[in-house]
Amino acid sequence: MSALEEILAESLPCRTVREDKLRGRLNHCYLVLTEDDAVRSKLCRMIAKIALCPNGGCGKCDVCEKIDDGAYTALNIADKDKMSVEDVKLLIEDTFFTGFDGDLKAYVVTNMQGMNERAQNKFLKTLEEPSDGVVFVLGAQSPRSVLATIYSRCKKLNFEGFTVDQLKETLEEETPWGVARDGLDREEVIERAAACAFGSYTRAKKLASDAEFARLFALVADILLKMTDSKKLDEQLARLAPYKNDLSAVLDMTETVLGLLLSGEGGEFGAIEGLKSTFDTASVVNSLGLVASAKRKVESNCNAQSVLDALFLGILEVKYLCRR
């Protein structure tokens, strides 16, 4: 078992379902909530394994071995980014058939945010009147990704993220030897990635392997420092033109820079030290709220440039109002 899997196996979502299984109180539907895409996918699979295994996911029995080999017919995994009404219809129809490997069947849907309202409504009736011997494990980025009627019928399993030490442990195992970048050796690259990921494995993994990280980090920090008034805002935002097709990267990095500023853990980054004179705690907290709002707008397919313009204008106003 990898370091990542060992950490997830002891996480609250897995412990909760393991306890439910061993007490004979499995819920018919679990909802795993985390924005960390890679972790959500792994957690959903691990929870389904816990539900199906007679011993709560022992990793040693025939059931666990078949699941690990992808040969357990009573486990159905839908991990498409998007699921249509027809996809949901096929999944529902499958629940009517008894599995060959046992009495319990598990259905995993890792990306509920990729299921539109019509598809979710089609899925709803199955959750309202579940077939005997069926457990659903759904994954979503946030409660907003799921219809309220579905949300209310699930047992919620929130994954709050990793500690810096846990991220370092996983990166030590997964980062290739010989990695050196931006004047940092492998250990320093891992240290920086873990510190800047704010609990996200997906982000830490990317930061440890993506040479573009240092450039974007410095750019966003410099823009936040230099956008002192509305006249300079357009000039500064123009510097983000190379990232016009990757708004999520800009939003994630803005969140990272502000988060380090708030936590006080970014002392080794000169860019963070420079920002401390222009942001107080209140302005950072409010700015992080604006980033969260911008992410919701992106989920709703709002115009990317409009979202970016509104975000940085809002941060500029917050800086001014909070320091008056």
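Derivation of every value follows stated rules applied to the coordinates shown; laboratory data play no part. As the structure is a computational prediction, the values presented were derived from the model and not from experiment. So basically every Cβ, Gly included, is an ideal-geometry build from the backbone, and we count neighbours across all protein chains shown.
Put simply, the amide H of residue 78, placed in the peptide plane, has neighbours under 5 Å in 108, 109, 110, leaving out anything fewer than 5 places away on its chain. Shown is the FRET efficiency for residue 148 and residue 301, computed with R0 = 22 Å from the Cβ-Cβ distance and rounded to the nearest 0.05: 0.60.
3J(HN,Hα) along region 10-18, derived from phi through the Karplus expression 6.51 cos²θ - 1.76 cosθ + 1.60 where θ = phi - 60°, amounts to 9, 6, 4, x, 5, 5, 5, 5, 4 Hz, with x in place of Gly and Pro. Extending 7 Å from the Cα toward the beta-carbon at both residue 209 and residue 281 defines two label points whose distance is 3.8 nm.
Taking Cα centre as origin and charging only the Cβ of basic (Lys, Arg, +1) and acidic (Asp, Glu, -1) residues, the dipole magnitude of the chain rounds to 1100 debye.
If you run the Gaussian network model on the chain, springs between alpha carbon atoms under 10 Å, then out of 40, 215, 186 the most flexible one is 215. Among the listed pairs 82/297; 82/295; 105/297; 205/276; 49/89; 105/206, a Cα-Cα separation exceeding 30 Å is found for 105/297; 105/206. Estimated from helices alone, the mean residue ellipticity of the chain at 222 nm is -17000 deg cm²/dmol (sum of -39500 (n - 2.57) over DSSP H runs with n ≥ 4, per residue). Taking amide H as placed 1.01 Å from N in the peptide plane, residue 134 has its amide H under 5 Å from the amide H of 105, each at least 5 places away in sequence or on another chain.
For every other residue with a beta carbon closer than 15 angstrom to the beta carbon of residue 148, add +1 if it is Lys or Arg and -1 if Asp or Glu, then tell me the sum. Value of the local net charge: +1.
Entry note, the chain: relative contact order of 16 percent, from Cα contacts under 8 Å with a spacing of 6+ residues. Here the simple spin-label model places points 7 Å from the Cα toward Cβ, and for residue 292 and residue 85 these points are separated by 3.5 nm. State log₁₀ I(q)/I(0) for region 3-158 at q = 0.11 Å⁻¹ as given by the Debye formula over alpha-carbon point scatterers of equal weight, solvent excluded. Those come out to -0.38, one per q. Sequence-ordered 3J(HN,Hα) estimates for region 38-50 from the Karplus curve with 6.51, -1.76 and 1.60 and θ = phi - 60° stand at 5, 5, 4, 4, 5, 4, 4, 5, 5, 5, 4, 5, 4 Hz, glycine and proline given as x.
For region 7-67, just say rounded, prolate or oblate: build the C-alpha gyration tensor, square-root its eigenvalues into a ≥ b ≥ c, call rounded for a/c under 1.5, and beyond that prolate if a/b exceeds b/c, oblate if not. It comes out oblate by the Cα gyration axes.
At an R0 of 41 angstrom, the distance between the Cβ atoms of residue 244 and residue 121 translates into a FRET efficiency of 0.75. Here region 142-214 and region 114-133 have alpha carbon centers that stand 31 Å from each other.
Of 137, 179, 284, the sequence from fewest to most neighbouring Cβ atoms within 10 angstrom is 179, 284, 137. Simple rule: put +1 on each Lys or Arg Cβ and -1 on each Asp or Glu Cβ in region 162-204, find the dipole, and look at 196, 163, 178; the Cα lying farthest toward the positive end is 196.
Between residue 66 and residue 273, the distance separating the two model label sites (each 7 Å from Cα on the Cα→Cβ line) works out to 6.1 nm. Where a Cα-Cα gap under 14 Å defines reach, which aspartates and glutamates qualify for residue 125, not counting those fewer than 8 residues away within the same chain? Within the straight-line limit of under 14 Å, residue 125 reaches these aspartates and glutamates: 93, 117. State the answer as a single residue: which of 262, 219, 306 lies farthest towards the positive end of the charge dipole of region 211-322, with beta carbon charges of +1 for Lys and Arg and -1 for Asp and Glu, about the Cα centre. Result: 306. Straight-line cross-link reach from residue 168 at under 18 Å between alpha-carbon atoms covers these aspartates and glutamates, not counting any fewer than eight positions away in the same chain: 5, 6, 10, 36, 160, 185, 187, 188, 191, 210, 265, 268.
Give the shape of region 162-204 as rounded, prolate or oblate, defined through the alpha-carbon gyration tensor: a ≥ b ≥ c are the square roots of its eigenvalues, a/c under 1.5 means rounded, and otherwise the shape is prolate if a/b is larger than b/c and oblate if not.
prolate
Distance from the alpha carbon centroid of region 58-111 to that of region 1-42 works out to 16 angstrom.
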